[in-house]
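Structure record follows, encoded as structure tokens.
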Amino acid sequence: MNPSIRQLASAVALVVLLSACSTTPAPAPVDAAVVQPPSDQAMKSLSSEVFTFGYPLVLMDVTREIMTVKTPINTFSHRRTFFDGAFTDVVTPNADTLYSTAWLDLSREPIVLSLPDTAGRFYLMPMLDAWTNVIASPGKRTTGTRRGAFAIVGPEWKGTLPKGVKEIRSPTSMVWIVGRTQVNSRQDLGAVHRLQDQYRLVPLSVWQKGGRVAPAPAAPRATMIDTESSPAEQVAAMDAQAFFSRLAALLPANPPAAADAPMVEKMTRMGIVPGEPFKTTVLEPSTARAVQEGATAALTGIAAQVKKAEAGDTGWRVWHEPGGYGTNYLARATLAMMGPDVNLPEDAVYPTARADATGRPFDGGSRYVLHFDKSQLPPVKAFWSLSLYNSQQVFVSNPINRYSIGSRDRLRYNRDGSLDIYIQYDRPSDAGQQANWLPAPPDAFNLMLRAYWPDQALVDGDWMPPAVQRVN
């Protein structure tokens with residue numbers, strides 16, 4: 001039996017090979033070699049490329065399958081409390097906003113997203129297609145904060161929308177809404193809950209009849225779906241036949257983009273037919289092994305890129321290109337493995353740091369200061385925060401239940417207008433420093449600065465946070 005993809009996911013990354021086989025059909029027997037099945041080496045290369053290309057789509061579908069076990073399709077799931085040190089289900093959670101998420105199925109009809117007047121409060125509703133591209137992001141930055149209605153329509157839908165409903169066309173039938181609403185304090189939670197209750201998803205047919213509330217969803221069905229393992233773990237556990245069969249099943253409702261035509265041709269040459277199972281059992285044993293090896297190499301390469309992206313250096317780094325990737329399939333797959341629910345950089349940018357100014361990794365046995373000059377505070381139109389995570393990328397319980405600190409807090413600025421954030425395990429002895437204290441664990445940690453509605457200088461990378469200084 002071939003080893004599973006998951007068993008080899010931590011191996012050294014392999015270079016994704018490009019297939020150089022001709023696509024010209026054979027007009028005569030003399031050119032018959034052109035239409036012969038690809039060699040085993042060519043199949044390995046094709047498998048690797050197609051796996052990288054299809055990874056985000058398969059990962060999204062597994063994520064949808066897991067999340068809709070508890071919350072039906074076309075229905076919002078609202079997070080009502082802040083993430084804290086007891087919550088470990090999601091990596092790099094934020095303590096700035098409450099999430100409102102929903103998976104949409106547009107294959108039957110459009111879904112109308114109805115949003116209330118948030119009275120100036122910052123929020124955003126980024127929508128990802130099945131390939132993890134952000135197709136639209138209603139919110140304060142793009143559409144303002146007044147009441148609005150948006151019809152999310154699938155790739156094949158044709159029709160006329162009611163007056164006052166704006167169209168958002170998705171290139172795929174699967175859409176993931178990952179909404180976020182600003183929360184200013186624990187005392188502010190009630191106000192945000194009232195807004196969340198007014199975020200509604202209504203089928204277009206119901207909306208056209210005057211309905212503004214969706215019909216009650218069906219009761220959850222008994223299911224054998226694994227809800228304990230993460231989507232990335234479940235995809236990594238698939239063998240090549242299972243992965244490519246799932247990819248093929250998803251293609252009819254979630255077609256590739258026009259720019260993906262060369263990759264569509266490679267899927268055809270590999271034998272992948274949209275809507276039909278992909279069977280390695282009908283291949284020659286050596287060819288089946290080549291397909292498996294190519295898929296394994298691709299997953300290994302994606303994992304290596306994730307590790308590289310997370311390694312950090314002596315300063316801060318930002319992973320660019322979130323939300324739109326073109327034909328950079330490796331970048332798209334890497335971001336999907338790291339967490340596909342990305343924002344457009346115009347909505348939020350998240351610089352991260354794992355080491356101090358000298359390149360030494362952060363450790364709770366030392367004390368640190370992040371100093372902003374008055375003129376160098378994070379340039380944002382909404383707000384910013386600094387969060388701290390342990391080596392598992394989750395919050396760490398601390399005596400003051402503070403998991404992020406930033407512009408919404410009552411910070412103490414220096415007389416010259418500059419700002420110091422104190423990052424350490426022990427409570428600062430100085431009362432003035434305690435207001436600016438971000439508690440650290442006793443061991444390794446890393447930092448993430450979240451900048452909501454950033455200025456262009458941050459989007460372009462012309463502004464970055466200053467290096468974190470070790471002070472003992």
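Test Pro378 against the stated conditions and say whether it is in contact (Cβ under 8 Å) with a residue 24 or more places away in the chain, under 22 Å from the mean Cα position of the chain (by Cα), at negative phi and part of a loop (DSSP other than H, G, I, E, B). Judged against the criteria, Pro378 is not a match. Among the residues of the stretch 356-370, count how many are surrounded by 19 or more Cβ atoms within 10 Å (Cβ to Cβ) and either within 12 Å of the chain's Cα centre (by Cα) or of a type outside the set (Phe, Trp, Tyr) (or both). Matching residues across the stretch 356-370 total 3. Annotation note: of Ala218, Ala248, the sole residue that is part of a helix (DSSP H, G or I), out of contact with any His (no Cβ under 6 Å at 6 or more places or on another chain) and either under 21 Å from Thr52 (Cβ atoms) or outside the structural domain of Val50 (by TED's automatic domain parsing) (or both) is Ala248. If you go through the stretch 430-470 and keep only what is in contact with a Gly (Cβ under 6 Å, 6 or more places away or on another chain) and surrounded by fewer than 19 Cβ atoms within 10 Å (Cβ to Cβ), you end up with Pro442, Asp443, Ala467. Within the stretch 316-334, the only residue that satisfies the criterion of being crowded, with 22+ Cβ neighbours inside 10 Å and at pLDDT below 90 is Pro322.
If the condition is being touching a residue at least 60 places away in the same chain (Cβ under 8 Å), surrounded by fewer than 22 Cβ atoms within 10 Å (Cβ to Cβ) and touching a Ser or Thr at 6+ places or on another chain (Cβ under 7 Å), then the stretch 233-254 contributes Ala237, Asp239, Ala253.
Within the stretch 405-428, being under 16 Å from Pro465 (Cα atoms) and either assigned by TED's automatic domain parsing to the domain that holds Asn94 or not aromatic (Phe, Trp, Tyr) (or both) holds for Ile405, Gly406, Ser407, Ser418, Leu419, Asp420, Ile421, Ile423. Has the stretch 405-418 got any residue that is over 20 Å from the mean Cα position of the chain (by Cα) and within 30 Å of Lys307 (Cβ to Cβ)? Yes, the stretch 405-418 has at least one match. Hey, does the stretch 171-186 have a residue that's surrounded by fewer than 14 Cβ atoms within 10 Å (Cβ to Cβ) and either closer than 20 Å to Gly120 by Cβ or outside the structural domain of Ala257 (by TED's automatic domain parsing) (or both)? Yes, because at least one residue in the stretch 171-186 is surrounded by fewer than 14 Cβ atoms within 10 Å (Cβ to Cβ) and either closer than 20 Å to Gly120 by Cβ or outside the structural domain of Ala257 (by TED's automatic domain parsing) (or both). The set of residues in the stretch 126-137 being within 23 Å of Gly159 (Cβ to Cβ) and surrounded by fewer than 22 Cβ atoms within 10 Å (Cβ to Cβ) consists of Ile135 alone.
If the condition is being at pLDDT 95 or above and aliphatic (A, V, I, L, M), then the stretch 353-387 contributes Val369, Leu370, Leu377, Val380, Ala382, Leu386.
Among the residues making up the stretch 395-453, those that are among the acidic types (Asp, Glu) and part of a loop (DSSP other than H, G, I, E, B) are Asp409, Asp416, Asp426, Asp430, Asp443. Within the stretch 289-315, restricting attention to residues that are within 27 Å of Ala258 (Cβ to Cβ) and under 17 Å from the mean Cα position of the chain (by Cα), the residue that is modelled with the lowest pLDDT is Gln305. Applying a threshold of 6 Å to beta carbon distances and a minimum spacing of six or more residues, or different chains, the list of pairs starting in the stretch 199-217 at a residue that is modelled with pLDDT under 90 and ending at one that is surrounded by 16 or more Cβ atoms within 10 Å (Cβ to Cβ) and not in a loop (DSSP other than H, G, I, E, B) reads Ala214/Leu201; Ala214/Val202.
The values are calculated or read from the model by the stated rules, or taken from the named source; none is laboratory data. Worth saying up front: this structure is predicted, and the values here are computed from it rather than measured. No Cβ is skipped: glycine too gets one built from the backbone with ideal geometry, and neighbour counts run over all protein chains shown.
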